[in-house]
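Visitor: One structure, as structure tokens, below. Some questions next.
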Amino acid sequence: MSKTKPEESNAAATSQITNNAAFEAKKGKKRKRKADTAAGAELAPSSPEKRQKSQQSHRNQQRKSNQEARPQALPSNGNGAPHLLRRRDELLKTRKALPIWPHADSIREALRKNNVMVLTGETGSGKSTQVPQFLTSEPWCTETIAITQPRRVAAISLARRVAEEMGSLFGKQSPAAKVGYSVRFDNACGPETKVKFLTEGMLLQEILRDPEMNQYSAVVVDEVHERSVNVDLILGFLRNLVSEIEKGGSKRKQPLKVVIMSATADVEGLVKFFDEGFGNGAERSKKETQDEIEDHTTKQNDLISTCFVEGRQYPVKTHYLPEPTMDWVESALKIIFKIHYKEPLPGDILVFLTGQDKIESLEKLINDYAEGMEKEMPKLLPLPLFAALPQYAQQRIFEPTPRHARKVILATNIAETSVTVPGVRFVIDCGKSKIKQFRSKLGLESLLAKPVSKSASIQRKGRAGREAPGQCYRLYTEPDYATLEERTKPEILRCDLVQAILTMKARGVNDVLNFPFLDRPPIEALKEALFQLLRLGALKADGTVSDIGLKMSKLPVTPKLGRIILEAGRPERDCLLDVIDIISALSSDDSIFFNIVTEEKKEQAEEARRNLYRREGDHMSFLTTVQQYAEEHSDRRAWCDRHFVSHRAMQNVMNIRKQLRQQCQTLKLLTPSDLTADVTSSPNSDAILASLLRGFISNTARLCPDGSYKTFLGNHTVAIHPSSVLHGRKVKAEAIVFSEFLYTNKAYAKKVSAVQMNWIEDAMEEAFDI
DNA sequence: GAGCACTGC
């Protein structure tokens, strides 16, 4: 796994660098920025008396005043072995060259005065690795610093890097390690952990356990511009908490410092957001706030500091098509060969496409045309990159480009944020990406190729200028660019809100309509989510969270799946272990029955999987598969090969299964002796399917006389997906329950089981009788 | 007869 190279690792970039992306994002906004003067000098006069609560911190300040003077004077803690310290000192040179380094003092100073800071740092500024280190020796920093990341790989690799820079051991190497991380399935923190990188989801779970976040002195929220649903929830909770502390309504002894970090921040929006939390929104005119922000790189109003750090980016020249194109796969092909003939090596090409099908057709075209190239021409090496691609194939993009060759990476938007591709000097951008859209009225999500936003196309273009000046070819016209949306709609405005609302309710936010959302979802979407939670029994009639809802919020699965687990745990169902096996298979990222390309393999696979498939449908087939795999103790990989089952997926399933079993034990749904049992002799499929129905009541359909299926709620036609074991059955079930709904060319029900009509009626009755 | 990307005590 070497995805997501932390942005700081290309720290050794050179001097003359303009920041195109930053410029493009901000032009038209008339932002004046001072040239990089000595940091700290730019701090505006503040009103410290307003928020000084620092008797205690004053004591600490005296105690630690030696350390805070120089950032490099880190305490050589107990685990400071000579080789670690040597490495730390080596790295210090690189750290000092980072654009954020000169801002260290002003950041520290601002946070001593104010509890909240909004820090904008472009890619490569070093903010993710340096900011936590700037703060560890601060007088107020008696506890841990948390720093959130949207992705696991980023959390882990940043933690490793920061440990090195601090000359500390890391994670589980030693209980004395100062730097740790916490991601799903892997908590590597010790009693001495001072800097803790964690995924947003992990922090949310911690907030449910400890709403006041007493284990932290500071929470740094990184990559806020990606605007995941989780980050929006974290920001809302943090705003409530800091204003609570401010008003003296919290039991916390120490202040909580909050640093919001973003690459392309809407600084005004974030400052306003927290300002309103302090009750200042009404009094402060918008103009006043903007003027303050525009005049300085590090600034503060009464309560919130802001800081702008220049990034590292080479200029990228943009080319547009003169005319719009109908077939951008073909246009991309032409440009690839134009670049290849015209531009010298080295210089790999990164092509952004919408999905696997386009990637594979372009790959084939490149290979076909490359055959006609003159023998002395450098080779073209097309490399596909999308999430569903097996790990080893993804790794190929990190291998050095062979001599006398040019890599052409054909990627989905995975290359926009999650994977940094080295060596790229040319970007070709089709201008589209597939995005998930939730239509709350229909209660379904769809996946369609839509034009990207300006900010996404700037992000894509920036990928050409990481190592040298680059070029970006946009497969649309310049007037078309002007029509693009300014920024990508935050996820919270286009997704199913059930999970988010449940988290809020479990945290004790009862009035979700007045929760501080950075972007408020439409009221219908909120109401629909509340209604669904009522149907699932997660809320009581008065809208507060029920005992069931509280348990659901603590299970690492979607609310529907959580409800199914709780249903299966009821004595009259008594099928919890079996249902956990099924839920584990359902919530694994990749499917356990992988796709097979060639016809003859397909027949072999059908044959090999025959004793895993069950007539009841996909869910019982998953159960059989998980159980047989779990019973296989000698060679599980061989078992997978024999049955055409994905070994990687099964390892993932077993991880989830273990976690769910543990969690169910904590919630007193299972006893320790339940866990030692490997397998139930004969699963009760009626009880299992009835449990599934309790969560998937809106995912049911009945057979119509014309042979099609129509959903019970909403009466939409759905077709059984070709990947289902029930697809193409001659004798069709009178009703189905499905755990996935997919709208592509038409509406598909995926992962389907046959059920009886009267079971659905029973489940309906229970769901609506509230 | 088909597959954007992330993520959870």
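The values are calculated or read from the model by the stated rules, or taken from the named source; none is laboratory data. The structure displayed is predicted, hence computed values, not measured ones. Here the Cβ positions follow ideal geometry from the backbone for every residue, glycine too, while neighbour counts run over all protein chains shown. Side chains included, ligands, DNA and RNA excluded: accessible areas come from the protein's heavy atoms. Shrake-Rupley method; radii C 1.70, N 1.55, O 1.52, S 1.80 Å.
The rows are residues; the columns are (1) touching a residue at least 24 places away in the same chain (Cβ under 8 Å); (2) away from DNA strand B (no atom under 16 Å from the Cβ); (3) surrounded by fewer than 24 Cβ atoms within 10 Å (Cβ to Cβ); (4) not assigned by TED's automatic domain parsing to the domain that holds A:Ala464.
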site: A:Ser106; (1), (2), (3), (4): yes, yes, yes, yes
site: A:Arg112; (1), (2), (3), (4): yes, yes, yes, yes
site: A:Thr120; (1), (2), (3), (4): yes, yes, no, yes
site: A:Thr123; (1), (2), (3), (4): yes, yes, yes, yes
site: A:Ser137; (1), (2), (3), (4): yes, yes, yes, yes
site: A:Arg152; (1), (2), (3), (4): yes, no, yes, yes
site: A:Ile156; (1), (2), (3), (4): yes, no, yes, yes
site: A:Glu165; (1), (2), (3), (4): yes, yes, yes, yes
site: A:Phe170; (1), (2), (3), (4): no, yes, yes, yes
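Visitor: Separate question: What do you reckon, is A:Ala735 over 29 Å from the mean Cα position of the chain (by Cα) and open to solvent by less than 10 Å² (accessible area, probe 1.4 Å)?
Guide: Spelling it out, A:Ala735 is indeed over 29 Å from the mean Cα position of the chain (by Cα) and open to solvent by less than 10 Å² (accessible area, probe 1.4 Å).
Visitor: Right, here's the next one. Scan segment A:370-422 residue by residue and report those that are of a type in the set (Ser, Thr, Tyr), more than 24 Å from A:Lys432 (Cα to Cα) and assigned to a loop (DSSP other than H, G, I, E, B).
Guide: Residue satisfying the conditions is A:Thr401 alone.
Visitor: In the list A:Val224, A:Val271, A:Val229, A:Val220, which residue meets the criterion of being under 22 Å from the mean Cα position of the chain (by Cα), within 15 Å of A:Val116 (Cβ to Cβ) and touching a residue at least 60 places away in the same chain (Cβ under 8 Å)? Please lay out each step first, then the result.
Guide: On the way: A:Val224 fails: touching a residue at least 60 places away in the same chain (Cβ under 8 Å); A:Val271 fails: under 22 Å from the mean Cα position of the chain (by Cα); A:Val229 fails: within 15 Å of A:Val116 (Cβ to Cβ).
Step by step, each of A:Val224, A:Val271, A:Val229, A:Val220 is checked, and only A:Val220 is under 22 Å from the mean Cα position of the chain (by Cα), within 15 Å of A:Val116 (Cβ to Cβ) and touching a residue at least 60 places away in the same chain (Cβ under 8 Å).
Visitor: To continue, here is another question. Of all residues in segment A:216-237, count the ones that are open to solvent by 10 Å² or more (accessible area, probe 1.4 Å) and in contact with a strand residue (DSSP E or B) (Cβ under 6 Å, 6 or more places away or on another chain).
Guide: Of the residues in that region, 1 qualify.
Visitor: Now for a separate question. Check whether at least one residue in segment A:495-509 is closer than 12 Å to A:Asp232 by Cβ, modelled with pLDDT under 90 and either away from DNA strand B (no atom under 13 Å from the Cβ) or open to solvent by less than 80 Å² (accessible area, probe 1.4 Å) (or both), and report yes or no.
Guide: The answer is yes, given that some residue of segment A:495-509 is closer than 12 Å to A:Asp232 by Cβ, modelled with pLDDT under 90 and either away from DNA strand B (no atom under 13 Å from the Cβ) or open to solvent by less than 80 Å² (accessible area, probe 1.4 Å) (or both).
Visitor: Moving on. What's the number of the only condition in (1) surrounded by fewer than 21 Cβ atoms within 10 Å (Cβ to Cβ); (2) part of a helix (DSSP H, G or I); (3) more than 11 Å from DNA strand B (Cβ to nearest atom) that A:Gln205 fails to meet?
Guide: Here A:Gln205 meets the rest and fails (3).
Visitor: Related question: Could you count how many residues in segment A:595-614 are more than 19 Å from A:Leu389 (Cβ to Cβ) and within 11 Å of DNA strand B (Cβ to nearest atom)?
Guide: Adding up the residues that qualify gives 5.
Visitor: Does at least one position in segment A:368-387 carry a residue that is touching a residue at least 40 places away in the same chain (Cβ under 8 Å), under 28 Å from A:Gln149 (Cα atoms) and open to solvent by 40 Å² or more (accessible area, probe 1.4 Å)?
Guide: First, pick out the residues of segment A:368-387 that are touching a residue at least 40 places away in the same chain (Cβ under 8 Å): A:380.
Remaining after also requiring under 28 Å from A:Gln149 (Cα atoms): none.
The answer is no, given that none of the residues of segment A:368-387 is touching a residue at least 40 places away in the same chain (Cβ under 8 Å), under 28 Å from A:Gln149 (Cα atoms) and open to solvent by 40 Å² or more (accessible area, probe 1.4 Å).
Visitor: Restricting the search to segment A:703-729, which residues are outside any loop (DSSP other than H, G, I, E, B) and farther than 10 Å from A:Ala747 by Cβ?
Guide: A:Leu703, A:Lys710, A:Ile720
Visitor: While we're looking at this one, here's another question. Counting only residues that are under 12 Å from A:Val351 (Cα atoms) and open to solvent by 10 Å² or more (accessible area, probe 1.4 Å), how many does segment A:394-420 have?
Guide: Going through segment A:394-420 one residue at a time, the tally reaches 4.
Visitor: Which of the residues that make up segment A:669-689 are modelled with pLDDT of 80 or more, within 34 Å of the chain's Cα centre (by Cα) and within 15 Å of A:Leu623 (Cα to Cα)?
Guide: Result: A:Ile688, A:Leu689.
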